[in-house]
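Participant: Questions regarding the structure given below will be posed in turn.
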Amino acid sequence: MDGLSDWVAFGRAFVRVLRDSEQTGEIHKVEELTGRAIHRRLARGGAMEQLLATRPELRSREVDFDQLRALGPGTLGASYVGHLDRNGLNADSQAAPTTLIDDPDEAYVVRRFRQTHDVWHALVELGTSGHEEVLLHAFSWGQLRLPVSALVVIFGSVKHMVLEGRWRAFRHGLWEAYRAGRDAEPLMPVVWEDLWHVSLVDVRARYNVRPLRAN
């Protein structure tokens, strides 16, 4: 983060997220303020460079979600849109423009991380309750080492695991999720839009992703 104003903005956003983990706009601010440099680590190798060149966006202007609903059960596309529908989610909210990052490559990578968050949910079979979001960020930490994931794991595990008495998730689930993320192939460069028709089982096998237990 650059300068005192960024730290003040981060502190305010983070406190609001701690109070209410469904404050999507504040979560986006935390992601942007702490994730500006991730493209420097990721933009190495052909796959990430191709993603930056084509810049696909997971939003209704570019993805036909009704078509995904019509795909066969068990496909990546049907699993992803099923996750959205079950949890009352709208992909366009995750595709909101970045407002705190000037560099276009940095802005796109942070936005893409945000957009594909729910694809990762479908990949590892986690819902959107508080402790499941913590587990997904443990998985994300294994993948990317993003500060926002570390913050969610540290503070979220206290709120949604310790205080809620989810001892198995706290003692074993966090470690299992981290290892699953660490052991999987890099997922950020993947163009999921090319894989909607592929079975979820085959996608997991291709990228060495294993589903996680929520409890």
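The values are calculated or read from the model by the stated rules, or taken from the named source; none is laboratory data. The model shown is predicted, which means the values in this text are computed figures rather than measured ones. Methodologically, a virtual Cβ is constructed for each residue, glycine included, from the backbone with ideal geometry; neighbour enumeration extends over all protein chains shown.
Participant: Kindly provide the set of residues from segment 71-107 that are of a type in the set (A, V, I, L, M, F, W, C), outside any loop (DSSP other than H, G, I, E, B) and closer than 22 Å to residue 199 by Cβ, ordered by number. Talk me through it step by step, then tell me what you get.
Facilitator: Keep residues of segment 71-107 that are of a type in the set (A, V, I, L, M, F, W, C), which gives 71, 76, 78, 81, 84, 89, 91, 95-96, 100-101, 107.
From the residues that got through so far, the ones that are outside any loop (DSSP other than H, G, I, E, B) too are 76, 78, 81, 84, 91, 107.
Within segment 71-107, 76, 78, 81, 84, 91 meet the criteria.
Participant: Please enumerate the residues belonging to segment 154-173 that are in contact with a helix residue (DSSP H, G or I) (Cβ under 6 Å, 6 or more places away or on another chain) and not in a helix (DSSP H, G or I).
Facilitator: 166
Participant: While we're on this one: Test each condition in (1) at pLDDT 90 or above; (2) in a helix (DSSP H, G or I); (3) not aliphatic (A, V, I, L, M) for residue 149 and report the one that comes out false.
Facilitator: Among (1) at pLDDT 90 or above; (2) in a helix (DSSP H, G or I); (3) not aliphatic (A, V, I, L, M), the lone unmet condition for residue 149 is (1).
Participant: Another question, then. For residue 204, only one of the following conditions fails: (1) surrounded by fewer than 16 Cβ atoms within 10 Å (Cβ to Cβ); (2) charged (D, E, K, R); (3) closer than 21 Å to residue 133 by Cα. What is its number?
Facilitator: (1)
Participant: Name the residues in segment 140-192 that are touching a His at 6+ places or on another chain (Cβ under 9 Å), without any contact (Cβ under 8 Å) to a residue 60 or more places away in the chain and within 27 Å of residue 58 (Cα to Cα), would you?
Facilitator: Within segment 140-192, 140, 149, 150, 152, 153, 177 meet the criteria.
Participant: Looking only at segment 108-146, count how many residues are over 16 Å from residue 210 (Cα atoms), among the hydrophobic types (A, V, I, L, M, F, W, C) and assigned to a helix (DSSP H, G or I).
Facilitator: Selection size over segment 108-146: 5.
Participant: On to the next question. Within the bounds of segment 183-201, is there any residue that is more than 16 Å from residue 77 (Cα to Cα), at pLDDT 95 or above and part of a helix (DSSP H, G or I)?
Facilitator: For segment 183-201, residues more than 16 Å from residue 77 (Cα to Cα), at pLDDT 95 or above and part of a helix (DSSP H, G or I): present.
Participant: Taking residue 144 as the residue in question, decide whether it is touching a Ser or Thr at 6+ places or on another chain (Cβ under 9 Å), among the hydrophobic types (A, V, I, L, M, F, W, C) and either closer than 19 Å to residue 87 by Cβ or at pLDDT below 95 (or both). Break it down stepwise before answering.
Facilitator: Numbers: touching a Ser or Thr at 6+ places or on another chain (Cβ under 9 Å): no; among the hydrophobic types (A, V, I, L, M, F, W, C): yes; either closer than 19 Å to residue 87 by Cβ or at pLDDT below 95 (or both): yes.
The answer is no for residue 144.
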